[in-house]
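The values are calculated or read from the model by the stated rules, or taken from the named source; none is laboratory data. As the structure is a prediction and not an experimental result, all values here were calculated from the model. FYI the Cβ positions are ideal-geometry reconstructions off the backbone, even for glycines, and counts take in every protein chain you see.
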Amino acid sequence: MTHEAPSTKHQARSEFVWATAQYESGDWDSAPLVGINLTDSVARYTSIKVSASPMIVALSSSDILRYPFLFLTGHLPVRFTEAERANVRAYVDRGGFLFVDDHNHDIDGVFHKTATEELRRTCGALNDLPNNHELYSTMFRFPDGPPTTSHELNGWGDNLVHKNLQAVIVNGRVAVLYSSKDYSSEWGYHPESKRFMAIDNTRFGVNVVVYALTR
Amino acid sequence: MRLERTLRATAFVALAAWIANAARPALARVETANDAQLADALRQWTRATTVDTVHAQLDTVPDATASAWLSALSRAGVGVSWAGPLIPATAIEVFPATDPAGGVVVLTSAPASTARLLSDALGPLDTLRGAVSSARLASVEGDLTLTSGMQPARAEAAPRNQARRVLVAGAAGWEAKFVIAALEESGWSVDARLFVAPERDVIQGPGGAIDTSRYAAVVLLDSAGAESVRGLESFVRSGGGAVLAGEANLAPRAAGMTAWRAGKRELAPLGTLAADSVWRGLSRLPLVLTKLAGAIVLEQRTNGAELVARRHYNGRVVGVGYDQTWRWRMAGGDGSRVEHREWWSRVVASAALRSPVTEGHATGAAPLASLFSVLGAPSRSARVLPVALSAGVLSNLLGAVVFASLLAEWLSRRARGAK
Amino acid sequence: MTVAQRIEATRGYLAVSALAGSVLVFFAILGLRPAMGLTLPSMGAAAALWVCRGVFSRTSVVLWLESRLPELRFALVALAENPHSRFRAAFEARVLGTDARPVVAKAALRMVGVPLALLAGTEFVARPLLDRLTIPSDVATAPSETRSLLGAGRRAYTAVVIAPAYSRIATQTLRNPTAIEGLVGSEIRFSGAFDDRRLMPKRPEAVVLVRDGEEQLVTLEPRPDSAPRVVLSLPARDSVLPRADGVVALAASVRDDIGITSGWFEMIVSSGDGESFKFRNAVIARTSAGNSRELQLTAALRLDTLDLKPGDIIHLRAVARDANPAADAEAGSSETRTLRVYRRGESDSVDIEAMAPPETGKSELSQRMLIMMTEKLATQVRTLARPAFASESRNIAVEQARLRKRVGQIIFTRLTGEEDAGEAEGALADTLSPMEALLRAADSATGADAGEHLEEGEDSPVIAINRPLLEAFNAMWEAERRLGVIEPRRALPHMKAALAAIQRARAAERLYLRGRPPRIVLDIARIRLSGKKEGIEPAVRSPRASAVTAQLTRQAQFSIALELLASDSVSAAIDSLTLLRVDALSDQPAFASALSAAVNDLRSGRDATASLRVARRALTGSPTQGVRLRWSGQ
């Protein structure tokens, strides 16, 4: 599998681009503001070179290999095609970071059931990530593990507060991060709204990005 | 009667010559032996008191014992000469690879016309090409042997190099992440300083000043990385290695060590494959040598070089023009992860501080050269008297003449009835 | 019969007996499987013939008869020496009058019987005994997938490999195997010299059988059961349906390495959009395959029976299961096809509909968080100082009041349709009966009797949503009151009731709606590092594992095994190479295979140099030639 030179300006620098995975089976576009919001957060808190324009990249295309960070969310079933599965496998094997979030926040929902099954088949077993993992201290410190979202505190979805994120660990690092906490809803707002918040709720997202860039 | 007088005179003359021959000072005695005879000949030459000069006519270099024996004979006053026009000039040298994957690097030399076989205790490893060739072996059992014609050259496998740590510094980003990943996967112990935000670094390892007791090499991935490392120049002076990648080649702190300048960043043309080794990641800063001497180009695809190196006092500096090698790893194809890893490991290893090479290779590593050093230059042929004129032959010949003359005279006298 | 004929007949009997005896000796010794092959049996047979060599000589036979039959009184010898003696008639009469048969029969019996007893002894006593104590070299009759190459002097054992019942694979009996292949989960029973029982693991494993101080290394090489391979041929591609009617043909093919038990189509219908989706699952055309290796699945899906709405999506795939009963056995599945019912006005799926930030998301502390805080406080009633306890309880009460007001604002907005909840502020501040105050405020804002509607149980969606919210509002107020008087434990039931009410409201409808996403352009330079730095700490990175460590370890282990061989510790080297092979089976099959050949060579006493060389090449690869010389050979 080889890849041609990208024609976009992203080739100019090795900058961070928030890339959202477009998969064929579901509503991959259910959280369109997360990318721009997290891009804003990364710029606000770090000096990491970052692209102002998040990207959407088809999981079935080898273009995903241009973006070592991929965000995947949705409500509907996640069933990879053979091409998507092969790409994701290569992506993870070569060091890409796949962040999957259940927009349903429902472990009985179809997204969770199908996505976890698909990830297990494609990338390996998902296991609970310990709450003292580096991910929770790589930038901001989260001593209790993943921050709760208003959706889980309000009882949407499965009416559970998920204590842990899950991850596929490859060669000692998180290669696939899976969240049932619905960060897609939590972070899906205009970045300017942060000024109304006492504490920016996207800080954990910055941790995820910094982890992906440094581990 | 005349015949008888002539024969008697001949006998007397021959007798006189016989006596004279026996009485004259002894002529130098020269002995010769070939490969097969040498072991026995050495024993004889050592016991014989009359041997003045010995000559070895060799097809292969004698073993260490025979060479030492010849050398001892020479020191004992016996003239020792040798000739070996058919012995190939083979040599083998082995030293440990610098990178953590271990193994050895073998350098060999042999006449280009002869077939060369590299082998170890387990058997043949490979055949080698070219007059001077090199090979990297992942593992070796016992001694290494280079066989060229009839002459083997042997060398002990070098001990494993003591791998030190490598410091990688640069801004947090994909290039830093994947270079560190490549080095760690290759077995390097990596310390890292990755700049995430002002005074908010991601750190691996103890930090602090760099010195050769802690680090074998420093990899600086951009100008921020280059400016962050204090004492870089003195580190390199004392034997450390510096790898300057991308914009780190522009850093003023590294300017004193380089003999090149980085040009304007170039992007691969559209359609270039990420696996293309011309680009190794689709963008680069061409490195242009600024001094005539002092630097060598290791990779050059276009006008500017992409990989250059030079020695700086005891250390080494390697300039890498590629600045997005992570694209090569991610999008370069099925083997790209391993290729990227091995390439970076080789680059760092080529600059890294290495353990001192232990002297005193076995004489078998360069047998012909060792023979030169023990016995001196070969002679084309020994200065040997013709067999017909040797003292022994002459003595026997004169004796025979004496007896033959006297016998002929007696027969002549008896034939004519005289007593 | 004349005397001469009698002598010849006797000699013939004895000679045949001797030959038969020597043949028996030959086979008796052969039965002991001597190391020298046929040499020793031949020597034994020759020795037996030598001992009985007299039977081939007429004179010896005559003398032997004379010695055994004293009543002949040398008549036979005399006749043999001088057949024309004048006493011939008397001698013949004496000879013919003597019965030699018992003597001859006894001798013949001894010549055959002793070797026969020897043969019986070796076959029925010595050989079983030796089989028990030693492994003869020619007993390696195990199937091709096993190796039975124990060296001489090892004790015999048997391994019975019982494959899982579902696989219907016949039970295998292996004699003295050193490597056993089998389906994962197979039961392996060892008997004979070792008594043990194992299950075939999921990964290759080396087990050490131990008994009476003797050890035997056996490698277990599992063969996984593949999941069925399923290919969905119809529908051939994803599509958009103009209407939710008609029939969709479904077809799939299934193959499996062992046997398929059943196959079916799996359907998920997702309805809704934005943040609100409902899902229906169904199984179509479940077919039993009766453990066949192939299965064709076909079905027809009538869309009008699915009660599809515009925008609904049908996710279809075929699934099949083999007979593997393991809990983690994976079902095989095909790719998924989606059929979407066209919705008027919808544009391309790439078009993005965004959602606004959730209303409740603006609240810093939610009801669930307050419950957690209160529960924690309740457990600290004995440990926390009273003033601190009271202060914390009042803080939670303040947060509860804040949340109650947020809910009140939502209710007010929904009841009145007005975004500005300013009129509700006063009502929400009412400390005696805030719900009534809120409803009154709503009444005054709309001129309608909202409270009356609620009491009458109107089924208006707005009312239906607001009823649980009002309950939540009320419960929150109660909780707030309890917390204010420092009774956190008593506040908890009300807080939980409020949470339950909010969940019911959520079940009725999500509290946020989608809207067009704003087009956002970030000015990176402006926002760069403008965030608050609190909470940021320098982070420590931990190193990742080296990919070459395992390889270097293997190389070192291989070198050690070669050193063992060089020091004549062959059995130790075999064990080391066997363990190395088990380690390499999953990720370096070529190396493992070459090691297997080397181990077999060593076990059978052959020169293993060539196979070890192949193994090394498989382990380390070819030497890299032409490394750069100009820059120190790296």
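Overview of results
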item	result
Candidates B:Pro88, B:Pro100, filtered to the one that is more than 16 Å from C:Pro623 (Cβ to Cβ), at the interface with chain C (Cβ under 7 Å from one of its Cβ atoms) and touching a residue at least 60 places away in the same chain (Cβ under 8 Å)	B:Pro100
Residue, nearest to the other protein chains (Cβ to nearest Cβ), within region B:105-124, restricted to residues that are in contact with a helix residue (DSSP H, G or I) (Cβ under 9 Å, 6 or more places away or on another chain) and in contact (Cβ under 8 Å) with a residue 12 or more places away in the chain	B:Leu122
Region C:509-530 residues that are among the basic types (Lys, Arg), paired with ones that are at pLDDT 80 or above (beta carbon under 8 Å, 6 or more apart)	C:Arg528/A:Ala43; C:Arg528/A:Arg44; C:Arg528/A:Ser47
Residues within region B:73-87 that are within 15 Å of B:Ala48 (Cβ to Cβ) and of a type in the set (Gly, Ala, Ser), tallied	3
Wholly within region B:251-356, helices (runs of 4 or more DSSP H) carrying at least 1 residues that are touching a strand residue (DSSP E or B) at 6+ places or on another chain (Cβ under 9 Å), away from chain A (no Cβ under 14 Å) and without any contact (Cβ under 8 Å) to a residue 24 or more places away in the chain	B:252-255
Odd one out for C:Pro83 among (1) touching a helix residue (DSSP H, G or I) at 6+ places or on another chain (Cβ under 6 Å); (2) part of a loop (DSSP other than H, G, I, E, B); (3) of a type outside the set (D, E, K, R)	(1)
Contacts under 8 angstrom Cβ, first residue in region C:558-580 being within 14 Å of chain B (Cβ to nearest Cβ), partner outside any helix (DSSP H, G or I), 6 or more apart	C:Phe558/B:Ser139; C:Ser559/B:Ser139; C:Ser559/B:Glu141; C:Leu562/B:Ala121; C:Leu562/B:Leu122; C:Leu562/B:Glu141; C:Leu565/C:Ala608; C:Ala566/B:Ala121
Residue within region C:476-497 that is within 11 Å of chain A (Cβ to nearest Cβ) and either at pLDDT below 85 or more than 51 Å from the chain's Cα centre (by Cα) (or both) present	no
Residue check for C:Leu562: at pLDDT 90 or above and either touching a strand residue (DSSP E or B) at 6+ places or on another chain (Cβ under 9 Å) or not basic (Lys, Arg) (or both)	yes
Residue within region A:188-197 that is within 10 Å of chain C (Cβ to nearest Cβ), under 17 Å from the mean Cα position of the chain (by Cα) and not in a loop (DSSP other than H, G, I, E, B) present	no
Residue tally, condition surrounded by fewer than 18 Cβ atoms within 10 Å (Cβ to Cβ) and either within 7 Å of another protein chain (Cβ to nearest Cβ) or assigned to a loop (DSSP other than H, G, I, E, B) (or both), over region C:545-554	2
Some residue of region A:200-210 being more than 9 Å from chain C (Cβ to nearest Cβ) and modelled with pLDDT under 90	no
Residue in region C:165-173 that is over 20 Å from the mean Cα position of the chain (by Cα), assigned to a loop (DSSP other than H, G, I, E, B), modelled with pLDDT under 90 and not aliphatic (A, V, I, L, M) present	no
Selection from region A:42-74 of residues that are surrounded by fewer than 24 Cβ atoms within 10 Å (Cβ to Cβ) and among the polar types (S, T, N, Q)	A:Ser47, A:Ser51, A:Ser53, A:Ser60, A:Ser61, A:Ser62
Residue in region C:310-331 that is farthest from the other protein chains (Cβ to nearest Cβ), counting only those that are over 28 Å from C:Ser271 (Cβ atoms) and in contact with a strand residue (DSSP E or B) (Cβ under 6 Å, 6 or more places away or on another chain)	C:Ala323
When residues of region B:259-296 are limited to those that are touching a Leu at 6+ places or on another chain (Cβ under 7 Å) and among the polar types (S, T, N, Q), the one farthest from B:Ala352 (Cα to Cα)	B:Thr272
Entirely in region B:131-230, the strands (runs of 3 or more DSSP E) that have 1 or more residues that are of a type outside the set (A, V, I, L, M, F, W, C), within 8 Å of chain C (Cβ to nearest Cβ) and surrounded by fewer than 24 Cβ atoms within 10 Å (Cβ to Cβ)	B:132-137, B:189-197, B:200-204
Filter result (assigned to a helix (DSSP H, G or I) and at pLDDT below 85) within region B:46-74	B:Arg47, B:Ala64
Pairs, first within 14 Å of B:Glu185 (Cβ to Cβ) in region C:541-556, second surrounded by fewer than 14 Cβ atoms within 10 Å (Cβ to Cβ) and charged (D, E, K, R), C-beta under 9 Å, six or more apart	C:Ala550/C:Asp587
Qualifying residue in region A:140-155 (condition: assigned to a loop (DSSP other than H, G, I, E, B), within 26 Å of C:Ser270 (Cα to Cα) and away from chain C (no Cβ under 11 Å))	no
Filter pass, B:Thr127 being modelled with pLDDT of 85 or more and surrounded by fewer than 20 Cβ atoms within 10 Å (Cβ to Cβ)	yes
Criterion (modelled with pLDDT of 60 or more and surrounded by fewer than 18 Cβ atoms within 10 Å (Cβ to Cβ)) met by exactly one of C:Glu419, C:Glu346, C:Glu335, C:Glu425	C:Glu425
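Here's the yes/no breakdown for (1) under 33 Å from the mean Cα position of the chain (by Cα); (2) hydrophobic (A, V, I, L, M, F, W, C); (3) in a loop (DSSP other than H, G, I, E, B):
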site	(1), (2), (3)
C:Leu522	no, yes, yes
C:Glu534	no, no, yes
C:Ala556	yes, yes, no
C:Leu577	yes, yes, no
C:Ala590	yes, yes, no
C:Asn600	yes, no, no
C:Arg613	yes, no, no
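Rundown of residues vs (1) under 19 Å from B:Ser379 (Cβ atoms); (2) of a type in the set (A, V, I, L, M, F, W, C); (3) in contact with a Phe, Trp or Tyr (Cβ under 7 Å, 6 or more places away or on another chain), yes/no style:
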{"residue": "B:Val30", "(1), (2), (3)": "yes, yes, no"}
{"residue": "B:Ala41", "(1), (2), (3)": "yes, yes, no"}
{"residue": "B:Ser74", "(1), (2), (3)": "yes, no, no"}
{"residue": "B:Pro96", "(1), (2), (3)": "no, no, no"}
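For (1) among the charged types (D, E, K, R); (2) closer than 15 Å to A:Val17 by Cβ; (3) more than 8 Å from chain C (Cβ to nearest Cβ), each residue gets a yes or a no:
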{"position": "A:Pro54", "(1), (2), (3)": "no, yes, yes"}
{"position": "A:Gly74", "(1), (2), (3)": "no, no, yes"}
{"position": "A:Gly96", "(1), (2), (3)": "no, yes, yes"}
{"position": "A:Asp106", "(1), (2), (3)": "yes, no, yes"}
{"position": "A:Val110", "(1), (2), (3)": "no, no, no"}
{"position": "A:Glu117", "(1), (2), (3)": "yes, no, yes"}
{"position": "A:Thr122", "(1), (2), (3)": "no, no, yes"}
{"position": "A:Leu126", "(1), (2), (3)": "no, no, yes"}
